[in-house]
Amino acid sequence: PKEDEEHMPPSEKKQLTSTEIQLIEEWIRSGASDTLKLHHLKSDAPLVALVKTFTQPDARLSWSKLPKVDNNIIDTLSSDYLTIKRLASDTDALSLNMYNPPEYSSDMITILTPIAQNVITMDFSGLPISGKELVFIGNCTNLEKLEIDRTLVNDSTLLHLKTLNKLKVLKIFETNITDASIETLNGLQNLEKLFIKDTKITDKGISKLQEAKPSIKILHGIDEEIVNYFVK
């Protein structure tokens, strides 16, 4: 207790936050091991969530370093089939959401190159995207959430995503990717959730990826309601 003379830290020092106290409590509850590693724990363990609050930088802090984007550029690039929004009114972090137009061409996406570094979330689901579009996506190096399900993406075009070191969520179900893409997926350092239902990735491939990345949550056999839910 704070009033106890043996209370730590000393009263004149900065006190622990409630989150820091919870972290210590959960560590003790797990056995207080000095060799425990994060990947030893189940992904839904309370201790994992607490640790991540310290290891993940505040989003707004990282977004403050993005290039400036004028509203007139956003207005010029937007269309009836492409929605470009700021993730907050005072930020240059952007979200892209494109709907399938009557006549589609890769230029409709590659023209977005001037704002590539500002894109944080992207939804190109259901579009006939392939090589050129994947090159553009690979240049969106600040991308954190990507939906490219029901597209023409395959093992060779998926290689363009190797540069997405900040990607946390990837929805790529109902595509032709196979076990040959496991190495590419494994290379996405910060990937937390992967939706791969109805792809050609085998159970053996899933096991290999899970072994290499124990903390990742792989969803490959879930109902349609969950599949269509994009993590907020």
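The values are calculated or read from the model by the stated rules, or taken from the named source; none is laboratory data. Note that the coordinates shown come from a computational prediction; the quantities given were computed from them, not determined experimentally. Heads up, the Cβs are rebuilt from the backbone with ideal geometry, glycines too, and the neighbour counts pull from every protein chain shown. To get the accessible areas, we keep the full protein, side chains included, count just its heavy atoms, and leave off ligands, DNA and RNA. Shrake-Rupley method; radii C 1.70, N 1.55, O 1.52, S 1.80 Å.
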- Please list the radius of gyration and Dmax for the range 71-175, considering alpha-carbon atoms only, with Å as the unit. 12.8, 38
- Given Cα pairs under 8 Å that are at least 6 residues apart, what percent is the relative contact order of the range 60-211? 15
- Note on the structure: In Å, the C-alpha Rg and Dmax of the chain are 21.1, 75
- Segments 89-95, 41-47, 137-143 sorted - mean Cβ within 10 Å per residue, highest first: 137-143, 89-95, 41-47
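Provide the packing ranking of 157-167, 208-218, i.e. peptides ordered by the mean count of other C-beta atoms within 10 Å per residue, highest first. Mind dumping the intermediate values first?
Working: 157-167: 19.0, 208-218: 15.6.
Going by the mean number of other Cβ atoms within 10 Å, highest first, we get 157-167, 208-218.
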- Rounded accessible area of L61 (nearest 10 Å², 1.4 Å probe): 110
- Message: Probe of 1.4 angstrom, ligands and nucleic acids ignored: what's the accessible area per residue over the chain, in square angstrom?
- Response: 59
- How do H39, H7 rank by accessible surface area computed with a 1.4 Å probe, from largest to smallest? H39, H7
- In nm, to one decimal, how far is the modelled label at Q189 from the one at K2, with both set 7 Å along Cα→Cβ? 4.0
- Protein accessible area in the chain, 1.4 Å probe - carbon and sulfur %: 51
- Quick one: which residues, 5 or more positions from K171 or on another chain, have an amide H under 5 Å from its amide H? H modelled 1.01 Å from N in the peptide plane, none for Pro or chain starts. L146, E147, I148, F195
- Please list, in chain and number order, the residues 5+ apart from D198 or on another chain whose amide H is under 5 Å from its amide H, with Hs placed from the backbone. E174
- Query: Given the rule -39500 (n - 2.57) for each run of at least 4 DSSP H residues, summed and divided by the residues of the chain, what is its mean residue ellipticity at 222 nm, to the nearest 500 deg cm²/dmol?
  - Reply: -7500 deg cm²/dmol
- Query: Out of every Cα-Cα pair in the range 1-130, what percent are more than 18 Å apart?
  - Reply: 69
